[in-house]
Every structure is written in C-alpha cells, then in structure tokens.
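Have a look at the structure that comes next, please.
The values are calculated or read from the model by the stated rules, or taken from the named source; none is laboratory data. Note that the structure is predicted; figures quoted are calculated from it, not measured. Using ideal geometry, Cβ is built from the backbone for each residue, glycine included, and neighbour counts are taken over all protein chains shown.
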Number of protein chains: 2
Amino acid sequence: MIDAKHIDALKQIVGEEDVKIDKPHLRAYSYDATKEHYEPDAVVFPANEEEVSKVLKYCNENKIAIVPRGAGSGFTGGALPVNGGIVLALEKYMNKILEIDEKDMVAVVQPGVINADLQKAVEAKGLFYPPDPASMDYSTIGGNVSENAGGMRAAKYGLTKDYVMSLKAVLPNGDIIRAGKRTIKDVAGYNVAGILIASEGTLAVITEITLKLLPKPKLKKTYMGIFENVEQAMNAVYKSLAGGAMPVAMEFMDALVVKALREKLGVNLPEWAGALLVGDVDGNVDEEIDYQLNILEKSFKEEGAKEFRIAANDEEANEIWYARRNASPSITMYGSKKINEDISVPRSKLPEALNGIYAIAEKYNVLAPCFGHAGDGNIHVNVMVDGSNEDEVRRGYEAVEEIFKLVVELDGTLSGEHGIGISKAPFMKLAFTEEELNLFRRIKNAFDPNGILNPGKMGL
Amino acid sequence: MIDAKHIDALKQIVGEEDVKIDKPHLRAYSYDATKEHYEPDAVVFPANEEEVSKVLKYCNENKIAIVPRGAGSGFTGGALPVNGGIVLALEKYMNKILEIDEKDMVAVVQPGVINADLQKAVEAKGLFYPPDPASMDYSTIGGNVSENAGGMRAAKYGLTKDYVMSLKAVLPNGDIIRAGKRTIKDVAGYNVAGILIASEGTLAVITEITLKLLPKPKLKKTYMGIFENVEQAMNAVYKSLAGGAMPVAMEFMDALVVKALREKLGVNLPEWAGALLVGDVDGNVDEEIDYQLNILEKSFKEEGAKEFRIAANDEEANEIWYARRNASPSITMYGSKKINEDISVPRSKLPEALNGIYAIAEKYNVLAPCFGHAGDGNIHVNVMVDGSNEDEVRRGYEAVEEIFKLVVELDGTLSGEHGIGISKAPFMKLAFTEEELNLFRRIKNAFDPNGILNPGKMGL
C-alpha cells in the first residue's frame, strides 16, 4: 500500500485532481478484457511527458509499482496492477493526434489516441494506417505498440511494428529518450524502438509515436471460399499465398463457428459448409484485383472449395464480413465461459495445428471452435466451457496447456497478437529456454533495475 | 596480444587448421571497405554454432576481444579488430542456405551466405528477397542483418529488418538462443531479434537467420526523369510518393554526378540536365505498371522535369541503370580521396538537405557530389578531395562534420544504411543525448558484460 505521503507527492506533480484514490476510480481501473480484477492504490493521470517523467522518477526512488494503461482492452492482463501501486492512465490527456504529414507520410500521435480515430483522420487525407486489431474502435495506439497488435490486414500489411518509425519514451529513472527517427532508414545506435514494441509496458512508458503511413489503395473487393472441411481450407491458405496472392485479409472460420453462425444468427451458408475463408483484396486498378481473385479462386477450388463468392457491391461485402465479425459473439452458444488463446504457427503447419487442437478438445471432452487470421497463421482458439461446471473448467484449462505444447512442437508461438501478460506467463517455460528467459531478465534490468514498471508480467 | 596458451585452446575447439596466426591471414582479415587496417591476433573459422558457442565462452572467460566478420565489405569499420583479439570469420564454413520453404515462404540461412546467392536461389522458385544493398554480390546476410542493410528497393520493400523473422545467436557467455519465430506474428517475450538487427556484432554472434520471402512480381519497368536542378527533383520525390506512387526504387543523381557520367563515361544525357531520378516500378499486371508510371510522369513534370523516359525493353532499362550503377565510379574524377557518408532525412526535407550540403561544400571549398536512394530520403554524400593535399583533406572532414550537424537539425540520422562502426562513432554525441547513450551502454552490458564482442564500436 502506498502511504499518504506518496499520494501528496504525486499530487504535487500532476495536480490534486489527477490523482484518484476513491473506490469508484480504483475499481474502474482494476480490470481489463481478461475480466480479472486487481485494484491499484491510486490512479494517476499525467498531462504530458514531463509529468510522466516526474512520476516515474518519484516512483523509482520510492520503489512504487507503475502500470501504464491505455484503454485496458488487452486480453492477457497487461494493464492489470497485480501488485497494486499506481495505474498511470494515459487516455485522459495524452490522446492527441499531433501531426499528420502528407509529405513525409507519417503520423505523430500520443499513446492514448484510439486506433480507429487515427484510421479515420489519415484516410481523410488519402493515407492509410493498416494495423487493424479487432479492438480498433476502443484500443489505443500506445497499447497497440506495447502489444505489437496485428489484425486482419496483417496478412498483406504486417503488424504495428512494421509502422513504428520512432518512439519517445520515459525510462523508470525519469530519463526521456527518443528511439528511432522520422526517416525510412536509420541504423545509428541500437534499435531501442524495436525492443520497446511488444514489451507490454515493462521497459518504459511510451509518450509519443511516429508512424509510417501508406497511400490508400483505390480499390477493394471481398471474397469468400466455402469448404467442406478445415483441412481443405488450411491447404488453400498456403497454396494461394505461395501461388502469388497477397490478399489484405484471409480470415478463417471452422465448422463449429459456421454452425453457430447458421443456427444462432441465421447466416446464409450451405448445410455442407465445414470451413470458410473470407477476406479482401485491394489494389489501384481493376486488373490487379482480378489477378488476385483469380489466384484465390483457382487455389481454393483445387483444394476442394465448392463455392467461391465475390461480393458484387458493398452490401454483399458487408454480408460476407458480417459472418466474420460475428464469429466471436456467435460461439457463446457453446458455453458460458470462453478460454481464448491466439496461437500462431507457420502457415504450412495450419492443417496439423487445427487437427491437433480438435483431437485435444475431444480428449478433454470440450468444444474448441476456432477462427482467426489464417493468412498469417494466427488462430484464435476458443475453448468453450460451462463456467458453473468446475470439472469442465478444469478440463478446459488442461486442454489449453496441451494446445500450447502442440503449438511449440509445430514451431509456433504462444501468442500472435495478445501478448503474455499474466494469462500466458505460466507457459513461458514451454516456449523459452532458461538461457532465453535469463536474457529477458537482463534486458528488463537494463531498463528497469528496480522492477517498478508493470511488475509480475511476462513470466520474468 | 593473445598468448600461445589461448591459441592452443582455440585450436582444441575448432581444429588446428582453423586458427590462423600467420602474417598473410592476419593481414587479409585486417581491413574492410573503409580501407583502414587493424590486425587481429588470430583468425578463427568456426564450422558450426557449437564451435561458435565454445569460442565465445572461452574468450569471455579470458576477456579476449572477438570481432565477428562476414565479407568485410562494410563502410564504417564494423568488422575491424581495432583492439586486436580474434576475428571470428563466418564466411568459410557457415555459408549454407539451409532451406527455402515455398509453403511458408521463408528461407533459413547461415550468416555467411552471400546476398546475391540467396536472391538467385529464391527467384528460381518464383520467390523474392527484396533487400539489395549495393554490395549484394559479395556482402553476407549475416553482415546485412548486423547493419540492417537497405538498398535500392527499400523505397517500396523496406529494409533487412522487415524480412528477419527469427535469428539464432550465441551470447558472449556461450548461451545459444533463438529470437523470434517462423511465424508472421509473434508477441511472446521481448523482441530480441529486433535489437540484434543493426547491433553491428556488439551483442551476440548470429548463427542462423530465418527470412520472410514474397512472391516475385511478374512485371517490371524502368523510368528516368531528367530535371534542370536538384530542387525540382527532390520536390518530385515526395510529391509522387505522397500522390500514391510506390516505385521499387527512386534513385537520385545530382548535377556533379550527371556531369561526371557525361564527361567521363559518355552517358547520353542532355547538356541542361542538373538532376536525375531513375528507378523501377513493378506489379503483376500491365495496368498497375501504367498506373504507377502515370503518377510518376505527372508529378515529375509538374515539378519541372523536361524529360520522362520509360525503357521500352531490357536494353533501354540497362542503359538507364548503367548511369546509376556508375555514379560512384564516375565521381572519382573530382578527387583521389572520397569521404562518403550515407545520411538520411525525412523525405520532405530533401531539398533543404541538399541545398545545405552544397552550401557547406562551398564554404569549405570542396566538391560534394550526391546520389542515392531519394525514395526513402537516404543520400550518399561524397566529399571528394585530393588525398595528397593535407589542407583539403582537413577541410573535407570539417565539411562532413557540419553536414552531420545539418542532418540532425533536419530530424535526420547519421546513417541510413552503413552503420556507425568507428567511422561515425565520433558523431554519436551529435545525434544522441547522454541519457540515450547510457541506455545503449546498459543494453550492451545486458548482453556482453565483459565487453568482448566487437569492442570500440558504435561510440559506446
């Protein structure tokens, strides 16, 4: 617990009104999308980088834990104050788009800017910021950088890290640093921006982000391939990509998801449908769109797709995307509690991964509907259980552990997008050697020797 | 100096024949493209990762300096054993392409593989590895990763770092680690691969590299814009890119280079030509190529280009590229000694940067022909002096220092591609604060507490 002396000192820094210790605030900042709760001792709202620096310096000298927080929409507990201390809430004041420069094609933003707000602002200028996590309507760019958020467009356009040119950040000792430059190329000094990305707020507090933008492609079309089974669809994924297709998205839904979409939401899908691939292709000329769609159609049909739909207009495109957007809500029909994981494997291992997951689910007598970003090998596995059935919940978690083991065997990763946080921390030893974990600890120590930043995360 | 005991111990590890202390070997491994010379005490040729691990462990325990080396083609002294010790030469044995996987679209290589050899091997399978440093015919992938090599195609396709999925590496203590995964997405643990890229061999010895590949575009066309002056050309760069063009390359040559090409090599260019932009556009369909070329032609002409050439066939394309490829050899007519720098600025600052460079050259009474990768803001500045004229050489170096100051003021970087090494180490304090340099030192210490790996580099 932080004593009154510390609260007073923090109020000296950010102002009386921006240090909150009342119960409603502590509760409001105690949770994230994991639905776990840990109350902080205080919530602090810094107005700018200088205040962040002073807060960190004070907390570092007094060994007070600090958890930086954007929207609190993370799935692995990255924003949870598991050891108490301070939540440093960046969404209240540090939420400005500072600059959109059409000449350099960059955006400069504060960490609390909402992803979708940035998208809209740059698109109004004919530019394009590709990373589009499912949380984009509420998640912040600071959080996106801290977790290296992906999204549906990652199949063609990559991840948040591919767009970060430069960061400003505050180290636990209060030092304000700039990492990287507003230049396409920069090889002066260590790639500090590279290691801050996906560091889950454990190394520094990011205060400003310079992002690379692209010209917005002029045209887009939406496609859907309907397969009888998952194996056909997964083979079609890597066959079409290796064949030269570069779809913006290639999203996957399995038989359980298809069933839920049909039965729960009345989506128009054939009885025999056992797997779907949907996505967009984009380009600047019609012929490029056709080139892409031809490769997809040919590869999909060669692997057994019985239907290949191309949306003729926006309405049909929305219908196709309606299925994908409702994959997650629809599967709640299989259980009141969802244990969701976002594993990622090399694309050629997708059929093996999916079949393995279903075998594990069968072994533990649970259902595991899967959907996700097949174009980049990233699958959201949802182990659905009856939350009131203790035995089923236990079996669910056992299945998840076995799924992680399978993924590591297939040269995959524990997390494609969501990070480690606390949810996947117990599995770090499956994925990393003791030597690798020791290196992580030494890196952590180089930035944060007192361990004040987001303690208890990433299994370190 | 390493004593005989250490030489014997190293021979125990890698074999009698693969530790060299004879004068010809020490001389052969004493230089790189900077033309500076520092002889090592021994050259060691490890056959595999295990031997690298044992050599590092031994040297770490005995505080012997180790300089990892690929082809020694770097421009900033990264491979020079400035403190003596061992050169760890990776090109002799660790030079295999281990795998090219068409399903996952990845290549797995050892560090000593030559860039151009990898290009050829993947293109034979319809795949594409974009990074193409000018040194690609002899530089190694390990060196490319260690310096984050760029190249002409960076304007569209990015840098080496954009293609590194995973690294294996040996830490100074002998620990063998894997950083990153063979998956498009991976957010488990710190991004160690991110910090090893561009670390110039100061943190770990890279022993295996997994690279992302793309489908090879089907079509390519070459263009050239001819301008009366540099300002027009630089304005055309950012205008065309902001206008939606994504050329594979957009290479720049200034008036002095044009003059040298015409007078020394007889290249067919108009008398009035004061600046050139040349490059390729690529795509899968003719209409996309035309779309790109139309934007370029329109933007170039709006900014004052008097000629816009499109190569009708391979022969004409080769003629255009002949000019760019011979930019560097041609300018030797301006002086026997070349002090070359590869600054990088935000694209919108290109006109200001170029004009500033010429003003500085005039002030110090030297010539500074410039060419380079204008599409990404990366300019190779060549201060040409008479190497036998001590005063002129001194003025040349003074001009370079002032150019660096200008670049930092313009939010640019000391190095776009070549790294810091020893050549730019004196300028690190211009570009980084003491707090930032201290962070670099702590990162170095986290990997290499005894400071055995490539000591004396990067100004740390």
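Could you tell me which of the residues A:Ala275, A:Ala311, A:Ala323 is closer than 28 Å to B:Glu287 by Cβ and touching a helix residue (DSSP H, G or I) at 6+ places or on another chain (Cβ under 7 Å)?
On the way: A:Ala275 fails: closer than 28 Å to B:Glu287 by Cβ; A:Ala323 fails: closer than 28 Å to B:Glu287 by Cβ.
Being closer than 28 Å to B:Glu287 by Cβ and touching a helix residue (DSSP H, G or I) at 6+ places or on another chain (Cβ under 7 Å) holds for just one of A:Ala275, A:Ala311, A:Ala323, which is A:Ala311.
Can B:Gly356 be described as under 19 Å from B:Asn235 (Cα atoms), out of contact with any Phe, Trp or Tyr (no Cβ under 8 Å at 6 or more places or on another chain) and away from chain A (no Cβ under 14 Å)?
Values: under 19 Å from B:Asn235 (Cα atoms): yes; out of contact with any Phe, Trp or Tyr (no Cβ under 8 Å at 6 or more places or on another chain): yes; away from chain A (no Cβ under 14 Å): yes.
So B:Gly356 fits the description; yes.
So, A:Ile100, is that one of a type in the set (A, V, I, L, M, F, W, C) and under 21 Å from A:Ser199 (Cβ atoms) or not? Walk me through how you get there before you give the answer.
Details: of a type in the set (A, V, I, L, M, F, W, C): yes; under 21 Å from A:Ser199 (Cβ atoms): no.
Here the answer is no, as A:Ile100 does not meet what is asked.
So which residues in region B:377-398 are out of contact with any Gly (no Cβ under 7 Å at 6 or more places or on another chain) and buried (at least 21 other Cβ atoms within 10 Å of the Cβ)?
Here is the first cut: in region B:377-398, the residues out of contact with any Gly (no Cβ under 7 Å at 6 or more places or on another chain) are B:377, B:381-382, B:387-392, B:394-398.
Of everything in region B:377-398, those that are out of contact with any Gly (no Cβ under 7 Å at 6 or more places or on another chain) and buried (at least 21 other Cβ atoms within 10 Å of the Cβ) turn out to be B:Gly377, B:Val381, B:Asn382, B:Gly396.
Based on what the data block shows, is A:Lys120 more than 25 Å from B:Tyr157 (Cβ to Cβ), over 12 Å from the mean Cα position of the chain (by Cα) and not assigned by TED's automatic domain parsing to the domain that holds A:Tyr238? Break it down into steps so the answer makes sense when it comes.
Details: more than 25 Å from B:Tyr157 (Cβ to Cβ): yes; over 12 Å from the mean Cα position of the chain (by Cα): yes; not assigned by TED's automatic domain parsing to the domain that holds A:Tyr238: yes.
Judged against the criteria, A:Lys120 is a match.
Before we move on, is B:Val87 out of contact with any helix residue (DSSP H, G or I) (no Cβ under 8 Å at 6 or more places or on another chain), buried (at least 23 other Cβ atoms within 10 Å of the Cβ), over 26 Å from B:Glu417 (Cα atoms) and not polar (S, T, N, Q)? Step through it out loud before you land on a result.
Details: out of contact with any helix residue (DSSP H, G or I) (no Cβ under 8 Å at 6 or more places or on another chain): yes; buried (at least 23 other Cβ atoms within 10 Å of the Cβ): yes; over 26 Å from B:Glu417 (Cα atoms): no; not polar (S, T, N, Q): yes.
Taking the combined requirement at face value, the residue does not satisfy it.
Within region B:359-407, can you find the residues that are away from chain A (no Cβ under 14 Å), in contact with an Asp or Glu (Cβ under 9 Å, 6 or more places away or on another chain) and polar (S, T, N, Q)?
Selection gives B:Asn365, B:Asn382.
Here is a check on your reading of the model: is A:Leu269 at negative phi and either touching a Gly at 6+ places or on another chain (Cβ under 7 Å) or more than 14 Å from every other protein chain (Cβ to nearest Cβ) (or both)?
Numbers: at negative phi: yes; either touching a Gly at 6+ places or on another chain (Cβ under 7 Å) or more than 14 Å from every other protein chain (Cβ to nearest Cβ) (or both): yes.
Judged against the criteria, A:Leu269 is a match.
Turning to a different aspect of this structure: Working only within region A:155-178, note down all residues that are under 16 Å from B:Lys161 (Cα atoms), in contact with an Asp or Glu (Cβ under 9 Å, 6 or more places away or on another chain) and buried (at least 24 other Cβ atoms within 10 Å of the Cβ).
Correct list: A:Leu159, A:Thr160.
Still on this model: Residues of region B:406-422 being surrounded by fewer than 24 Cβ atoms within 10 Å (Cβ to Cβ) and touching a residue at least 24 places away in the same chain (Cβ under 8 Å), which ones? Break it down stepwise before answering.
Here is the first cut: in region B:406-422, the residues surrounded by fewer than 24 Cβ atoms within 10 Å (Cβ to Cβ) are B:406, B:408-411, B:422.
Passing the criteria: B:Leu406, B:Leu410, B:Asp411, B:Ile422.
Going by the conditions given, is A:Ile443 within 14 Å of chain B (Cβ to nearest Cβ), touching a helix residue (DSSP H, G or I) at 6+ places or on another chain (Cβ under 7 Å) and on the phi < 0 side of the Ramachandran plot? Full working, then the answer.
Working: within 14 Å of chain B (Cβ to nearest Cβ): yes; touching a helix residue (DSSP H, G or I) at 6+ places or on another chain (Cβ under 7 Å): yes; on the phi < 0 side of the Ramachandran plot: yes.
Yes: the conditions hold for A:Ile443.
Another question about this same structure. Could you tell me whether any residue of region A:19-37 is aliphatic (A, V, I, L, M), more than 28 Å from A:Pro133 (Cα to Cα) and surrounded by fewer than 22 Cβ atoms within 10 Å (Cβ to Cβ)? Can you show your working first?
Let us first name the residues in region A:19-37 that are aliphatic (A, V, I, L, M), namely A:19, A:21, A:26, A:28, A:33.
Those left that are additionally more than 28 Å from A:Pro133 (Cα to Cα): A:19, A:21.
Still in the running and surrounded by fewer than 22 Cβ atoms within 10 Å (Cβ to Cβ): A:21.
Taking every residue of region A:19-37 in turn, at least one turns out to be aliphatic (A, V, I, L, M), more than 28 Å from A:Pro133 (Cα to Cα) and surrounded by fewer than 22 Cβ atoms within 10 Å (Cβ to Cβ).
Can you name every residue in region B:260-286 that is farther than 22 Å from B:His380 by Cβ and either part of a strand (DSSP E or B) or assigned by TED's automatic domain parsing to the domain that holds B:Leu367 (or both)?
Scanning region B:260-286 gives B:Val281, B:Asp282, B:Gly283.
Suppose the filter is touching a Ser or Thr at 6+ places or on another chain (Cβ under 7 Å) and surrounded by fewer than 24 Cβ atoms within 10 Å (Cβ to Cβ); does B:Ile97 pass it? Working first, answer last.
On the way: touching a Ser or Thr at 6+ places or on another chain (Cβ under 7 Å): no; surrounded by fewer than 24 Cβ atoms within 10 Å (Cβ to Cβ): yes.
The answer is no for B:Ile97.
Residue by residue, here is whether (1) more than 30 Å from B:Asp290 (Cα to Cα); (2) surrounded by fewer than 20 Cβ atoms within 10 Å (Cβ to Cβ); (3) modelled with pLDDT of 95 or more holds:
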{"site": "A:Ala242", "(1), (2), (3)": "no, no, no"}
{"site": "A:Ala275", "(1), (2), (3)": "yes, no, yes"}
{"site": "A:Gly283", "(1), (2), (3)": "no, no, yes"}
{"site": "A:Glu287", "(1), (2), (3)": "no, yes, yes"}
{"site": "A:Asn294", "(1), (2), (3)": "no, yes, yes"}
{"site": "A:Ile310", "(1), (2), (3)": "no, yes, yes"}
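Go through the residues of region A:127-143 one by one and say whether even a single one is part of a strand (DSSP E or B), at pLDDT 95 or above and closer than 16 Å to A:Pro215 by Cβ.
Our first condition is that a residue be part of a strand (DSSP E or B); within region A:127-143, this holds for A:127-128, A:140.
From what is left, the residues that are at pLDDT 95 or above are A:127-128, A:140.
In the following step, the residues that additionally are closer than 16 Å to A:Pro215 by Cβ were identified as A:127-128.
Scanning region A:127-143 turns up at least one residue that is part of a strand (DSSP E or B), at pLDDT 95 or above and closer than 16 Å to A:Pro215 by Cβ.
Just one of B:Val108, B:Val67, B:Val43 is outside any helix (DSSP H, G or I) and in the same structural domain as B:Val205 (by TED's automatic domain parsing); which is it? Working first, answer last.
Working: B:Val67 fails: in the same structural domain as B:Val205 (by TED's automatic domain parsing); B:Val43 fails: in the same structural domain as B:Val205 (by TED's automatic domain parsing).
One residue alone meets the criteria, B:Val108.
OK, next. Find the residue count for region A:423-435, including only residues that are crowded, with 22+ Cβ neighbours inside 10 Å, within 9 Å of chain B (Cβ to nearest Cβ) and not hydrophobic (A, V, I, L, M, F, W, C).
1
Residues that are farther than 30 Å from A:Leu261 by Cβ and acidic (Asp, Glu): find the helices (runs of 4 or more DSSP H) completely inside region A:333-449 holding 1 or more of those. Quick ask: steps written out before the conclusion?
Details: elements: A:350-363, A:390-409, A:428-431, A:434-447.
Output list reads A:390-409, A:434-447.
Something else: Might you let me know whether region A:227-236 holds any residue that is within 14 Å of another protein chain (Cβ to nearest Cβ), hydrophobic (A, V, I, L, M, F, W, C) and more than 22 Å from A:Ser328 (Cα to Cα)?
Yes, region A:227-236 contains a residue that is within 14 Å of another protein chain (Cβ to nearest Cβ), hydrophobic (A, V, I, L, M, F, W, C) and more than 22 Å from A:Ser328 (Cα to Cα).
Give the residue that is nearest to the other protein chains (Cβ to nearest Cβ), with candidates limited to residues of region A:70-105 that are part of a strand (DSSP E or B) and out of contact with any Phe, Trp or Tyr (no Cβ under 7 Å at 6 or more places or on another chain).
Just the residues of region A:70-105 that are part of a strand (DSSP E or B), to begin with: A:86-89, A:97-101.
Add one more test, that the residue is out of contact with any Phe, Trp or Tyr (no Cβ under 7 Å at 6 or more places or on another chain), and what stays is A:86, A:88, A:97-101.
Values: A:Ile86: 23, A:Leu88: 20, A:Ile97: 18, A:Leu98: 14, A:Glu99: 12, A:Ile100: 12, A:Asp101: 7 Å.
Checking each candidate, the answer is A:Asp101.
For region A:158-186, which residues satisfy the criterion of being under 21 Å from A:Ala65 (Cα atoms) and at pLDDT below 95?
none
Which condition number does B:Tyr223 fail, the rest of (1) farther than 24 Å from B:Val257 by Cβ; (2) touching a Gly at 6+ places or on another chain (Cβ under 9 Å); (3) hydroxyl-bearing (Ser, Thr, Tyr) being met?
It is condition (1) that B:Tyr223 fails.
Let me ask you something else. Of all residues in region B:171-226 being β-branched (Val, Ile, Thr) and within 8 Å of chain A (Cβ to nearest Cβ), which is farthest from B:Ala305 (Cα to Cα)? Explain how you work it out, then say what you get.
In the first step, residues of region B:171-226 are kept if they are β-branched (Val, Ile, Thr); the result is B:176-177, B:183-184, B:187, B:192, B:195, B:197, B:202, B:205-207, B:209-210, B:222, B:226.
If we keep only those that are within 8 Å of chain A (Cβ to nearest Cβ) as well, we get B:176-177, B:183-184, B:187, B:192, B:195, B:197.
On the way: B:Ile176: 55, B:Ile177: 53, B:Thr183: 45, B:Ile184: 41, B:Val187: 47, B:Val192: 46, B:Ile195: 42, B:Ile197: 39 Å.
If we take residues in region B:171-226 being β-branched (Val, Ile, Thr) and within 8 Å of chain A (Cβ to nearest Cβ), then B:Ile176 is farthest from B:Ala305 (Cα to Cα).
Any residue at all in region A:120-133 that's small (Gly, Ala, Ser), surrounded by fewer than 22 Cβ atoms within 10 Å (Cβ to Cβ), in contact with a strand residue (DSSP E or B) (Cβ under 8 Å, 6 or more places away or on another chain) and within 13 Å of chain B (Cβ to nearest Cβ)?
Here is the first cut: in region A:120-133, the residues small (Gly, Ala, Ser) are A:121, A:124, A:126.
Next, only the ones that are surrounded by fewer than 22 Cβ atoms within 10 Å (Cβ to Cβ) stay: A:121, A:124, A:126.
Now restrict to residues that are in contact with a strand residue (DSSP E or B) (Cβ under 8 Å, 6 or more places away or on another chain): A:121, A:126.
Imposing the further condition that a residue be within 13 Å of chain B (Cβ to nearest Cβ) reduces the set to A:126.
Looking through region A:120-133, at least one residue is small (Gly, Ala, Ser), surrounded by fewer than 22 Cβ atoms within 10 Å (Cβ to Cβ), in contact with a strand residue (DSSP E or B) (Cβ under 8 Å, 6 or more places away or on another chain) and within 13 Å of chain B (Cβ to nearest Cβ).
Additional query: Looking only at region A:276-290, decide whether some residue is away from chain B (no Cβ under 14 Å) and in contact with a Gly (Cβ under 6 Å, 6 or more places away or on another chain). Please lay out each step first, then the result.
First, pick out the residues of region A:276-290 that are away from chain B (no Cβ under 14 Å): A:276-280.
After this cut, where a residue has to be in contact with a Gly (Cβ under 6 Å, 6 or more places away or on another chain) as well, the list is A:277.
Yes, that holds for at least one residue.
Taking into account only those residues within region B:337-366 that are aliphatic (A, V, I, L, M) and without any contact (Cβ under 8 Å) to a residue 40 or more places away in the chain, which is farthest from A:Asp101 (Cα to Cα)? Even if it seems obvious, please write down each step before you answer.
Residues of region B:337-366 aliphatic (A, V, I, L, M): B:339, B:343, B:345, B:350, B:353-354, B:357, B:359-361, B:366.
Pick out the ones that are also without any contact (Cβ under 8 Å) to a residue 40 or more places away in the chain and you get B:359, B:361, B:366.
Working: B:Ala359: 27, B:Ala361: 30, B:Val366: 35 Å.
That would be B:Val366.
Quick one: is A:Leu296 part of a loop (DSSP other than H, G, I, E, B) and either touching a helix residue (DSSP H, G or I) at 6+ places or on another chain (Cβ under 9 Å) or of a type in the set (Asp, Glu) (or both)?
Details: part of a loop (DSSP other than H, G, I, E, B): no; either touching a helix residue (DSSP H, G or I) at 6+ places or on another chain (Cβ under 9 Å) or of a type in the set (Asp, Glu) (or both): yes.
Answer is no for this residue.
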